[in-house]
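For reference, the structure is listed below as structure tokens.
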Amino acid sequence: MRALLARSSQNLLRSAVLRPEHLSDGLLLQTLDECHHPSALPTLETLHSHLDDRNLNSNPSIAIKLMRAYAACGDTSVAREVFDGMPHKNIVFYNVMIRSYVNNSLYSNALLLFSEMGPRHGVKPDNYTFPCALKACSGSGNLCGGLQIHGSVLKLGLDSNLFVGNALITMYARCGTSAYAFQVFDSMTHRDAVSWNAMIAGYAQNQQFEQALEALKEMVELKGPRPDAGTMASILPAVLSTDASNVEFVRSVFDQMLVKGLVSWNAMIAIYANNSMSKEAVELFSQMEIEGAEPDAITFASVLPACGELSALALGRRIHECIRWKRLLPNMVLENALMDMYANCGCLLAAREVFDNMQGGRDVVSWTSIISAYGIHGYGQDAINLFKHMLDSGLKPDHIAFVSVLSACSYAGLLNEGKLYFNLMTDNYNLVPRIEHFACMVDLLGRAGQLQEAYDFIVQMPIEPNERVWGALLGACRVHLDMSIGLIAADHLFRLVPEQSGYYVLLSNIYARAGRWEDVTSVRKAMTSKGIKKLPGCSNVEMGNKVYTFHIGDTSHPQSQEIYKKLNVLFGRMKELGYAAEINSALHDVEEEDKEGHLSVHSEKLAIAFMLINTGPEVPIRIRMNLRMCGDCHCAAKLISSITKREIILKDTNRFHHFKFGVCSCGDYW
């Protein structure tokens, strides 16, 4: 039915352009109502001319239709000409003209006309005028004008009007005075969903996230107006970075909604994605498709990062196909999201293809995405070259762009280049380094073995070092076996994040590699006394649109016998090539004497064997880990890639490793 109406409208517009003189007055006016987009402006101008020829333009109702049509097509100047051409104008004309200005963001014009209508023309504003005038104040942040209008509302006794009250709440909130907004809200004798949504949005927009959530909870508890799509959109900014309990509460609100429009689906998916609940975001997207809701560009832009986090390549590719089928490109936000998704799924070439095929131009985010992609995959020099190309294109790098290029230098061990870009950021672009930039520099110096320089750099930082900074230094001390600086870093970390198990494990590893077993025992006892448990390692692989998870020593998989048999064969071949287990990699994991046996069943090795059994030689093996890859598994993956002639792409918590023909893209620098 909708498609039939659309075709009928298109036929009317086509007739109006080709043979408008053959249209009756009624069809001419019907066609006039179909002109509501800038692309229809030429048609509207033709219709206007024929209305003049037929002397219909002096009719007040037709003049109002013309004003609305021109405003909808973005031409308020002609709408104003029609308005000025009417000798007798009632309140409807003023309301339409003021709304036309507001809808086209011409707020000062709207307020000027509002201020003139009474004193100069003797037309009193009504309950439709005030919401439009208040919206002009909201859009322009004109608190002074809003206060004056509120005074007029009180004088006329319109403060009890629902629409006026809702507009006042929005105006005060948008002008940064949520306390005034609440006073209006609190004094309202009747509130609808719009009232609640305006108050929730007001708190959220003013960074008063707890108050926004409390208002939503009160709305639900009072069992008055039911939350709707506007509610979901209003609460969204308040829960983009929140704890799980708040996300669960908003999900319960979402589930109780009788009608879930696209806005609600998009909001809930975005909430999951922005709170690192990628699995839930993807599952909700699948539920959305099952229930027949049609996703749009916003949906795809929200769920694609979740696909990247989960390395859900099959779903990411299917979404890319949907985007093509819906002809949503060029769209810079979508293209940037696609790049990140492919990069996070280990498909660097696919990410580059998206970047190269961007037809609508590239912004700093686009360049930053591709620079970051090359950096995290270990291709630091390529990342630097892309950064140079961005500068040559005339774009000015921002803080995030510099984080990307500094990280790329760190991953690739490009010490001098990293120092160069850190100085370039401050000296040439006058950007004040943030904590992320300092963490990158500490990581860069530490990986390069410049541990004393890294520590001195931290001491001289103008801002307080955080967990990331000290964590980067401790990780470097583990690699380079620097006990003294490592202990300093660990001490700071235990005070900053006393419950973070990873740093205890790092310190234990440093002691173990140095043969200080009593200290290893002390660290483990400290973890036990504080109830801190080491995060168990797991590896995920995707096959046939399904994700398979493996843990250390896993025997739960139906193919476990085949997996271990395959591993035994591989270890035999590896030993023929000189492989010897890196016992140090097991020191912080187990107490038993059989370190080599323990290493052989690490989750990533099981995942590799599973994929070798179930996929052909043309399929790259893609693995996602929740921990940093250990040295023994890194060595084994190189040898397996050589023996089997298979490409293995592994993403750990730190970076990507591309194993091919016995070599890793990280150059053993990780």
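The values are calculated or read from the model by the stated rules, or taken from the named source; none is laboratory data. Please read all numbers here as calculations on a predicted model, not as lab measurements. Here the Cβ positions follow ideal geometry from the backbone for every residue, glycine too, while neighbour counts run over all protein chains shown. Side chains included, ligands, DNA and RNA excluded: accessible areas come from the protein's heavy atoms. Shrake-Rupley method; radii C 1.70, N 1.55, O 1.52, S 1.80 Å.
Here residue 262 clears all of (1) open to solvent by 40 Å² or more (accessible area, probe 1.4 Å); (2) of a type in the set (A, V, I, L, M); (3) closer than 26 Å to residue 162 by Cα except the condition numbered (3).
Does residue 518 fit the bill of being out of contact with any strand residue (DSSP E or B) (no Cβ under 6 Å at 6 or more places or on another chain), open to solvent by 30 Å² or more (accessible area, probe 1.4 Å) and at pLDDT 90 or above? No: the conditions fail for residue 518. A single member of 479, 432, 442, 469 is of a type in the set (A, V, I, L, M) and more than 30 Å from the chain's Cα centre (by Cα), and it is 479.
All conditions in (1) closer than 19 Å to residue 272 by Cβ; (2) in contact with a Lys or Arg (Cβ under 6 Å, 6 or more places away or on another chain) hold for residue 346, with the sole exception of (1).
Residues in segment 239-253 that are in contact with a Leu (Cβ under 9 Å, 6 or more places away or on another chain) and in a helix (DSSP H, G or I): 6 in all.
Only residues that are of a type in the set (D, E, K, R) and in a helix (DSSP H, G or I) were counted across segment 618-670, and they come to 2. Report yes if some residue within segment 479-486 is at pLDDT 85 or above, open to solvent by less than 60 Å² (accessible area, probe 1.4 Å) and either hydrophobic (A, V, I, L, M, F, W, C) or assigned to a strand (DSSP E or B) (or both); otherwise report no. Yes: segment 479-486 contains one or more residues that are at pLDDT 85 or above, open to solvent by less than 60 Å² (accessible area, probe 1.4 Å) and either hydrophobic (A, V, I, L, M, F, W, C) or assigned to a strand (DSSP E or B) (or both).
Could you list, in sequence order, the residues of segment 57-67 that are open to solvent by 40 Å² or more (accessible area, probe 1.4 Å) and either of a type in the set (Gly, Ala, Ser) or farther than 20 Å from residue 26 by Cβ (or both)? If the condition is that a residue be open to solvent by 40 Å² or more (accessible area, probe 1.4 Å) and either of a type in the set (Gly, Ala, Ser) or farther than 20 Å from residue 26 by Cβ (or both), then 58, 61 are the ones that fit.
Under the condition of being open to solvent by less than 50 Å² (accessible area, probe 1.4 Å) and either assigned to a loop (DSSP other than H, G, I, E, B) or of a type in the set (Asp, Glu) (or both), the residues counted in segment 310-325 number 2. Annotation note: Cβ proximity below 9 Å between a residue of segment 406-430 that is under 19 Å from residue 369 (Cβ atoms) and a residue that is of a type in the set (Asp, Glu) and surrounded by fewer than 20 Cβ atoms within 10 Å (Cβ to Cβ) (sequence gap 6+ or interchain) occurs for 406/436; 407/436; 408/382. In segment 632-670, what residues are free of Cβ contacts under 8 Å to residues at least 60 places away in the same chain, farther than 17 Å from residue 619 by Cβ and among the small types (Gly, Ala, Ser)? Residue satisfying the conditions is 662 alone.
Of the set (1) more than 21 Å from residue 637 (Cα to Cα); (2) more than 42 Å from the chain's Cα centre (by Cα); (3) crowded, with 18+ Cβ neighbours inside 10 Å; (4) not polar (S, T, N, Q), all apply to residue 523 but (2). If you check 334, 328, 349 for being at pLDDT 95 or above, out of contact with any Ser or Thr (no Cβ under 6 Å at 6 or more places or on another chain) and not in a helix (DSSP H, G or I), only one passes: 328. Out of the residues in segment 113-137 meeting the condition of being open to solvent by 10 Å² or more (accessible area, probe 1.4 Å) and hydroxyl-bearing (Ser, Thr, Tyr), tell me which one is nearest to the chain's Cα centre (by Cα). Ranking the candidates gives 128 first. Scan segment 293-309 for residues that are of a type in the set (Val, Ile, Thr) and open to solvent by 30 Å² or more (accessible area, probe 1.4 Å) and the total you get is 1. Within segment 558-586, residues that are under 20 Å from residue 629 (Cα atoms) sit with their Cβ atoms under 6 Å from residues that are open to solvent by 20 Å² or more (accessible area, probe 1.4 Å) and modelled with pLDDT of 95 or more, at 6+ positions apart or across chains, in these pairs: 574/639; 579/639. Could you please find all residues in segment 200-213 being crowded, with 19+ Cβ neighbours inside 10 Å and either among the hydrophobic types (A, V, I, L, M, F, W, C) or in a helix (DSSP H, G or I) (or both)? Those that are crowded, with 19+ Cβ neighbours inside 10 Å and either among the hydrophobic types (A, V, I, L, M, F, W, C) or in a helix (DSSP H, G or I) (or both): 200, 201, 202, 203, 204, 212, 213. Scanning segment 353-369 for residues that are closer than 20 Å to residue 403 by Cβ, open to solvent by 50 Å² or more (accessible area, probe 1.4 Å) and assigned to a helix (DSSP H, G or I) returns a single hit, 365. Six or more apart or on different chains, Cβ atoms under 7 Å: show the pairs whose first residue is in segment 331-345 and touching a residue at least 40 places away in the same chain (Cβ under 8 Å) and whose second is open to solvent by less than 20 Å² (accessible area, probe 1.4 Å). What qualifies is 344/308; 345/308; 345/313; 345/316.
With respect to being surrounded by fewer than 17 Cβ atoms within 10 Å (Cβ to Cβ) and closer than 20 Å to residue 195 by Cβ, residue 160 fits the description.
Filtered by the rule that a residue be open to solvent by less than 20 Å² (accessible area, probe 1.4 Å) and either in contact with a Gly (Cβ under 7 Å, 6 or more places away or on another chain) or over 18 Å from residue 42 (Cβ atoms) (or both), segment 68-85 gives a lone residue, 83.
Right, residue 318: among the charged types (D, E, K, R) and within 18 Å of residue 405 (Cβ to Cβ) or not? In short, no. Do we have any residue at all in segment 59-80 that's of a type in the set (S, T, N, Q) and not in a helix (DSSP H, G or I)? Yes, segment 59-80 contains a residue that is of a type in the set (S, T, N, Q) and not in a helix (DSSP H, G or I). When 298, 319 are screened for being within 25 Å of residue 260 (Cα to Cα) and without any contact (Cβ under 8 Å) to a residue 24 or more places away in the chain, only 319 passes. Counting just the residues of segment 602-644 that are open to solvent by 30 Å² or more (accessible area, probe 1.4 Å) and of a type in the set (A, V, I, L, M), which one comes out nearest to residue 313 (Cα to Cα)? By that ranking, first place goes to 619.
Does segment 31-39 contain at least one residue that is surrounded by fewer than 19 Cβ atoms within 10 Å (Cβ to Cβ) and touching a Gly at 6+ places or on another chain (Cβ under 6 Å)? The answer is yes; a qualifying residue exists. Applying the condition of being among the β-branched types (Val, Ile, Thr) and under 17 Å from the mean Cα position of the chain (by Cα) to segment 214-259 and asking which residue is most open to solvent (accessible area, probe 1.4 Å) yields 242. State yes or no: is residue 289 acidic (Asp, Glu), closer than 22 Å to residue 624 by Cβ and part of a helix (DSSP H, G or I)? Here the answer is no, as residue 289 does not meet what is asked.
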